[in-house]
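Scroll down for the structure; my scribbles are underneath it.
Derivation of every value follows stated rules applied to the coordinates shown; laboratory data play no part. Keep in mind it's a predicted model, so treat the numbers as computed, not measured. Don't worry about glycine lacking a Cβ; one is built from the backbone with ideal geometry, like all the others, and counts go over all protein chains shown.
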Amino acid sequence: MNVPENLKYTKDHEWIRVEEDGIATVGITDFAQGELGDIVFVEAETVDNMVFVGESFGTVEAVKTVSDLFMPVSGDVLELNPELEDTPELVNQDPYEKGWMIKVKMSDPSEVDKLMDAESYKKMLES
Amino acid sequence: MIVKKTLLNDIHRQNGGKMVDFAGFEMPLQFTTIKEEHMTVRQKVGVFDVSHMGEFWVKGSGAAELIQFVTTNDISVLKPGQAQYSCLPNGRGGIVDDLLVYFFEPEKYLLVVNAANIDKDWKWINSQNTFGAVLENSSDNISQLAIQGPKALSVLKKLTDVDLENIKYYYFTAGSFAEVDNVIISATGYTGAGGFEIYCYNEDLLKIYSAVIKAGEDFGISPVGLGARDSLRLEMGYCLYGNDIDDTTSPIEAGLGWITKFNDHNDFIDKSVLLAQKKAGVTRCLKGFKMIDRGIPRHGYELVDNDGNVIGRVTSGTQSFMLNKGIGMGYVNKEFYATGTELFVKARGKLLKAEIIKTPFV
């Protein structure tokens, strides 16, 4: 199971990477994409809206199932990864890089500290 | 409950199969991705382990009479070596199961039933056997592979002297295959991609499976799981027992009128009630629909009209990999029978537009 060290994780299997200027990138983990199977599309109707931590920012539809996507932190949803429109399978193939889902302008960057690090997330998966 | 395993369980695991419980069996859902496996079957050739299916022999002087009575289709039209799709009415206008009837010779038939219904069907058919037929449940002794796709013939032809080209659709023969005698080779399948289904004894399965995989290497053969089996059958608009048909749906409602034969010489359970339905028309019917809005219809989602009234429910749904669109089936009332009629799928609170289309979807 691929769990990069430099990211933070939620119990719902989202990851977040803090970029510059209070912007963060959010996606789902390798474990999550494996559980979902063939991803058919990703929707984020919350683009241009402020969404609080723990609230749903969108949905991911796979062939076998559909799942809500949850905000790891509070903030404005700036954009949905445009590549996913035509190639949603990027989430399966490269969940941490090309398969990222949204960019967020964080309203309280300190929320990131409350998330799991790679070590804790791995432990959660194992338990 | 004990979960059964087919003889290929270890091999599925070695091949990276993601195993799930299905109908009391541990079966592979997928090996790579459902889409990849789906397209392999549509474009090349794939192998399904369908050993979980049930097989009943029906023999003896009352065999034909029993099968004619418990199934809706007319077996009197069968020639030796011919198979027939049919269903078992339940005496209350519903369906016990759908099945294949193989006609070997007078007084020898094989019934192939859904894994989830083996016990139920066995009890039901026995309870109707006032004809003195001899029944034998060989479900635990017979294994089955489905080799499906446009290259299936080229692959299998390497493994047998049997003239596969001349086995017509829904016919079968028994012969030597992969150096195993008495293998049943049947030009049937539930994918719409063409190909064969192979029945053998459990002890020969590994040998046959390995031979098929090896013979198929040059044709890009790969194992295929239940996920693609479902998306393939749904693209063809084929019913899945437990989803689209069950003890509460009639064959007429389910669009299975074509396997419900009301000939004078075909006397079967529920004949009069089903005939009445056919004459008077039914109040709901299983129809296929294609998504206009983006979304995947899923089993249990409500189907609603323009005004938001519930008019039915999704019985099966998936993403069609050939159409790149969501497709589904569901029971709807009369106003929605016509092709092109607009309706909505209520998906997690959202109304997504869809239209009735004639199946097969591809």
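Of B:V47, B:V96, B:V20, the residue with the greatest mean-square motion in the GNM of chain B, using alpha carbon springs below 10 Å, is B:V20. Net charge in the neighbourhood of B:E302 (other residues with Cβ under 9 Å of its Cβ; Lys, Arg +1, Asp, Glu -1) is +2. At q = 0.07, 0.13 Å⁻¹ the log10 of I(q)/I(0) for the protein assembly as shown amounts to -0.44, -1.24, computed by Debye summation with a single uniform scatterer per C-alpha, solvent ignored. Whole percent per 5 Å bin, from 0 to the bin with the longest distance: what is P(r) over all C-alpha pairs of the range B:283-357? Spelled out bin by bin, the range B:283-357 gives 4, 20, 34, 28, 11, 3, 0 percent.
For the peptides B:186-199, B:224-237, what is the packing order when you average, over each peptide's residues, the other Cβ atoms within 10 Å and list the highest mean first? Each step should come with its number before you reach the end.
Details: B:186-199: 22.4, B:224-237: 24.4.
Most protected by this proxy first, the peptides run B:224-237, B:186-199.
Note on the protein assembly as shown: dipole from Cβ charges, positive end direction compared against B:V314, A:W100, A:V77; the farthest Cα belongs to B:V314.
Here chain A is assigned +1 on the Cβ of each Lys and Arg and -1 on the Cβ of each Asp and Glu. Its dipole about the Cα centre then comes out at about 400 debye. Fully extending the segment from B:D163 to B:Y201 would add 11.5 nm, taking 0.36 nm per residue of separation and subtracting the current Cα-Cα distance. Counting Lys and Arg as +1 and Asp and Glu as -1 over every other residue whose Cβ lies under 14 Å from the Cβ of B:R13, the net charge comes to -1.
The tail of the calculated P(r) for chain A, taken as Cα-Cα distances beyond 27 Å, holds 9 percent of the pairs. When all alpha carbon pairs of the range B:1-110 are counted in 10 Å bins from zero, the resulting P(r) reads 12, 30, 27, 25, 5 %.
Dividing the summed -39500 (n - 2.57) terms of all DSSP H runs of n ≥ 4 by the residue count of chain B sets its mean residue ellipticity at 222 nm at -6000 deg cm²/dmol.
Distance between the C-alpha centres of the range B:291-307 and the range B:54-121: 36 Å, rounded to the whole angstrom. Within the shell of other residues whose beta carbon sits under 10 angstrom from the beta carbon of B:Q144, the net charge comes to -3, with Lys and Arg scored +1 and Asp and Glu -1. Springs between Cα atoms under 10 Å define the GNM used for chain A, and in it the highest mean-square fluctuation of A:N81, A:N49, A:N92 occurs at A:N49. Annotation: average projected area of the range B:4-63 is 6.0 square nanometres, based on the convex hull of Cα atoms across all directions. Computed over chain B with a Gaussian network model linking Cα atoms closer than 10 Å, the most mobile of B:D204, B:D246, B:D307 is B:D307.
Can you divide the C-alpha Rg of the range B:54-137 by 2.2 N^0.38 Å and report the result to two decimal places?
Working: Rg = 11.4 Å, N = 84, 2.2 N^0.38 = 11.8 Å.
It is 0.96.
As a quick test, which of the pairs B:K290/B:K358; B:K279/B:K334; A:K98/A:K122; B:K287/B:K334; B:K79/B:K120 have an alpha carbon distance above 19 angstrom in this structure? Mind dumping the intermediate values first?
Working: B:K290/B:K358 10 Å; B:K279/B:K334 15 Å; A:K98/A:K122 22 Å; B:K287/B:K334 11 Å; B:K79/B:K120 28 Å.
The pairs that break the limit, which is 19 Å between Cα atoms, are A:K98/A:K122; B:K79/B:K120.
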